[in-house]
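Reading through the structure tokens given below for one structure.
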């Protein structure tokens, strides 16, 4: 089948944009010995962080000492939700600011982590400036730490999200995106990155398992869902392969897919996260499917990872058009209430490096 050559992807004007940067380093015995106790360490460190952040015009900053993974989503109200493994931030970048320490009394973190949430408007246009401010923050922070040459890991997360069926709900207006690579955008705006930068670009798709899909796919009183999940996986792999999208994963076990570059990171799944590892340089990896045959999930979760061959000088617009074409083929196989059910498609762009 034909593959799109369109260099821009046209997404709903209601598309949400988020960016956040995390930096972290190990909380060693040597580091902790510089403070009278654990609480003093957290308190003094957080006060230093807020002071330096204010100088760099970083206005939504969180110190996390719970070893929970930050997850960020757009919302009209600002709040945080905790699970055993996640710290979920909901906020509107145009309106919300905060300084907050997230800690548990007596709990010693493996890492001290700082989360910078982007604020203001036009996040993608201002993403390089935001990253530059964080780089300056790190340069000021390092000499003030009680231990010298602390190995700091920087992760820059950006994503845009939208309802794949927005048009069916009457949202016809769109805007064209080229979706340039992060390192390319930063270079054009004079935000310099180290040579050894790990990059990852991928799409996640969530399809709720609602009434109509259950009626279509499930036998009455079913307790083994293997055939259901195998059917979904086969159809998804067939649709993506027809659009030359070979780095794909399906997760149907109630866990959240966490995508990492398998070339650089160790992958260990947890109770809440299903680790998905892809090397963008690998041309034909095997599809990854994880499901729990004894559990009917509330959503099918899909991942499509971009490879090096999907990156062009113009960006990932062509890749996203291929994704949309494949998803259109795939969703046409199911009875989905497009006028009422949201199928959220999220395009992620990550970079990470050691500062």
**OP:** Mind listing whichever residues of segment 315-342 are surrounded by 20 or more Cβ atoms within 10 Å (Cβ to Cβ) and touching a helix residue (DSSP H, G or I) at 6+ places or on another chain (Cβ under 7 Å)?
**Re:** 316, 319, 326, 330, 336
**OP:** Specify which of the listed residues (149, 122) is modelled with pLDDT under 95, loosely packed, with under 15 Cβ neighbours inside 10 Å and either in contact with a strand residue (DSSP E or B) (Cβ under 6 Å, 6 or more places away or on another chain) or farther than 22 Å from residue 44 by Cα (or both).
**Re:** 122
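Given the criterion within 27 Å of residue 256 (Cα to Cα), out of contact with any helix residue (DSSP H, G or I) (no Cβ under 7 Å at 6 or more places or on another chain) and surrounded by fewer than 15 Cβ atoms within 10 Å (Cβ to Cβ), identify the matching residue among 95, 102, 75. Steps first, please.
Numbers: 95 fails: within 27 Å of residue 256 (Cα to Cα); 102 fails: surrounded by fewer than 15 Cβ atoms within 10 Å (Cβ to Cβ).
Result: 75 is the single residue among 95, 102, 75 that is within 27 Å of residue 256 (Cα to Cα), out of contact with any helix residue (DSSP H, G or I) (no Cβ under 7 Å at 6 or more places or on another chain) and surrounded by fewer than 15 Cβ atoms within 10 Å (Cβ to Cβ).
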Subject >> Filter result (assigned to a loop (DSSP other than H, G, I, E, B), modelled with pLDDT under 95 and either farther than 17 Å from residue 311 by Cβ or under 15 Å from the mean Cα position of the chain (by Cα) (or both)) within segment 241-270 >> reply: 262, 264, 265, 266, 267, 268, 269, 270
Subject >> Matching residues in segment 170-183 - criterion: being touching a strand residue (DSSP E or B) at 6+ places or on another chain (Cβ under 9 Å) and free of Cβ contacts under 8 Å to residues at least 40 places away in the same chain >> reply: 172
Original post:
When segment 192-227 is examined, which residues are found to be modelled with pLDDT under 95, in contact with a helix residue (DSSP H, G or I) (Cβ under 7 Å, 6 or more places away or on another chain) and either part of a helix (DSSP H, G or I) or closer than 30 Å to residue 153 by Cβ (or both)?
Top reply: 197, 199, 217
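Could you check, for segment 274-288, whether at least one of its residues is assigned to a loop (DSSP other than H, G, I, E, B) and modelled with pLDDT of 90 or more?
At the first step, the residues of segment 274-288 found to be assigned to a loop (DSSP other than H, G, I, E, B) are 279-287.
Right, trim to modelled with pLDDT of 90 or more and you get 286-287.
Yes, the conditions are met somewhere in segment 274-288.
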Subject >> Residue in segment 183-191 that is within 20 Å of residue 279 (Cα to Cα) and either at pLDDT 95 or above or not in a helix (DSSP H, G or I) (or both) present >> reply: no
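Report whether or not residue 130 is under 17 Å from the mean Cα position of the chain (by Cα) and surrounded by 16 or more Cβ atoms within 10 Å (Cβ to Cβ).
Taking the combined requirement at face value, the residue does not satisfy it.
Working carefully through the options 348, 340, find the one that is within 17 Å of the chain's Cα centre (by Cα) and either assigned to a loop (DSSP other than H, G, I, E, B) or in contact (Cβ under 8 Å) with a residue 60 or more places away in the chain (or both).
On the way: 340 fails: within 17 Å of the chain's Cα centre (by Cα).
Sole residue among the options that is within 17 Å of the chain's Cα centre (by Cα) and either assigned to a loop (DSSP other than H, G, I, E, B) or in contact (Cβ under 8 Å) with a residue 60 or more places away in the chain (or both): 348.
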Original post:
Got at least one residue in segment 105-114 being closer than 29 Å to residue 202 by Cα, modelled with pLDDT of 95 or more, surrounded by 14 or more Cβ atoms within 10 Å (Cβ to Cβ) and within 19 Å of the chain's Cα centre (by Cα)?
Top reply: yes
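Tell me yes or no: at least one residue of segment 160-169 is closer than 27 Å to residue 311 by Cβ, touching a residue at least 24 places away in the same chain (Cβ under 8 Å) and part of a loop (DSSP other than H, G, I, E, B). Talk me through it step by step, then tell me what you get.
The first filter runs over segment 160-169 and keeps only residues closer than 27 Å to residue 311 by Cβ, leaving 160-164, 166.
Next cut, touching a residue at least 24 places away in the same chain (Cβ under 8 Å) only: 160-164, 166.
When the remaining residues are screened for being part of a loop (DSSP other than H, G, I, E, B), the result is 164, 166.
Yes, there is a match, as at least one residue in segment 160-169 is closer than 27 Å to residue 311 by Cβ, touching a residue at least 24 places away in the same chain (Cβ under 8 Å) and part of a loop (DSSP other than H, G, I, E, B).
The values are calculated or read from the model by the stated rules, or taken from the named source; none is laboratory data. Being a predicted model, the structure only gives us computed values, none of them experimental. We place every Cβ from the backbone using ideal geometry, glycine too, and count neighbours over all the protein chains shown.
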